[in-house]
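Let me begin by presenting the structure, written as structure tokens, before commenting on it.
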């Protein structure tokens, strides 16, 4: 599936109700495969790179979704983008943390979280609220994995409207594999991080949105409350190899992704074996 041209039709188009502060990408489902078109820059490349590097982490193969890069033709337009296999069973659905909380308590999870001044208490509130609703005892470890991944790869679009669990029959829940990392690695070249701007200045401006606006604080609080839940094993050779297999994206974009990943790897070197 990697680097292929995919022909999609109007009947394949999909409209999602999961919100994003980075805008909504065009999405399609065809023959059990999801396709997403780049919207603000190189989201497809980011999905691909992050998923390949997660394969070199302590996550199990069922804990993350693998993405492929593709070229999408829809009507008369063509887009760069990515694809992945549909991972839900027929009776399952994704439910965001915001929707889950609001369905249970009839008010906004996001607003409730940000009424709490202390950031550590915000994180506790998020985890304990979802654990109380779902009766799952691994929510803290799961959130810690997600937010550590976000810090390493600069995913600035992980928030309560797009962190999701999988809902099955009889109100039973299971953890979703890690997916939706398209807003990572400074992929928004249209608005926030134009290609050609100093990559390290761009890195310095990136901010998370889950419960505070500092990646380091986010990771520190996750580790304090729920322990270190993930480690990584890739080096610069691996990053080069991943990027060398990608078509469609220009060299200056791939170089920026490389520089970003290596800078983050140096910053969080304690997470690497």
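Classification of region 93-232 by its C-alpha gyration tensor yields a prolate form. The axis ratio a/c (a ≥ b ≥ c) is 1.5 or more, and a/b outweighs b/c. Taking label points 7 Å from Cα along the Cα-to-Cβ direction, residue 93 and residue 131 give a separation of 2.8 nm.
This ranking places 67, 110, 215 by how few other beta-carbon atoms lie within 10 Å of each, fewest first, which gives 110, 215, 67.
Taking region 33-58 and a reference point 7 angstrom along Cα→Cβ of residue 197, the backbone N atoms nearer than 16 Å belong to 40-43.
If packing is taken as the average count of other Cβ atoms within 10 Å, what order do 5-11, 260-266, 245-251 fall into, highest mean first?
Numbers: 5-11: 11.9, 260-266: 17.7, 245-251: 13.9.
Top to bottom by mean Cβ count within 10 Å: 260-266, 245-251, 5-11.
Compute the distance from the alpha-carbon center of region 249-263 to that of region 82-147, in whole Å. Here the two parts' Cα centres lie 32 Å apart. Extents of the chain, taken as max minus min of Cα coordinates on every principal axis and listed largest first, are 46, 44, 33 Å. Sorted fewest first by neighbouring Cβ atoms within 10 angstrom, 92, 98 come out as 92, 98.
Just so you know, all these numbers are worked out from the coordinates, no wet-lab data involved. Every value quoted in this text rests on a predicted model; they were computed, and no experiment measured them. So basically every Cβ, Gly included, is an ideal-geometry build from the backbone, and we count neighbours across all protein chains shown.
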